[in-house]
1. With a 10 Å radius around each residue's Cβ, average the other Cβ atoms per peptide and rank 81-91, 9-19, 37-47, highest first.
2. Name the long-range amide H neighbours of Lys12: under 5 Å, sequence gap of 5 or more, or other chain; modelled H, no Pro or chain starts.
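Here, each number is a calculation from the coordinates, and none is a lab measurement. As the structure is a computational prediction, the values presented were derived from the model and not from experiment. A quick note on method: Cβ atoms are made from the backbone with ideal geometry, for glycine too, and the neighbour counts reach across all protein chains shown.
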Amino acid sequence: MSGWRRCDSCRKVKAVEEYDGAASICAACQSGPAPRKKPAAVAVSRRVTPTAAPAEPRRPSMGAVGSGDLEARERRAKRTAWEQLAELHPEEYEQLLQVARRAEGLRT
């Protein structure tokens, strides 16, 4: 008979002396905390696209420069330019803003 056995708990091969009689779990596993289990390996399947099919256009990730549709990026560029002009020429910006607000019937 072999002098070695595999523990059903920790899965280590240990000497028979480390087991209590016919127990399938070693003395260390019986007295100590339960061992951590390793996560099972996950099989990853990849979708194979036929070469004849056109590839889907890449969608930009959110928060990245250049993300969003063209109109949103145009509005963002205009807003950035307006903010920079307002910082460079604050008096002229205020005058133009007042004129535009009056033309729209808003408070000045």
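1. Numbers: 81-91: 10.6, 9-19: 13.1, 37-47: 5.5.
The peptides rank, most packed first, as 9-19, 81-91, 37-47.
2. When sequence neighbours closer than 5 places are left aside, the close amide H contacts are Cys7.
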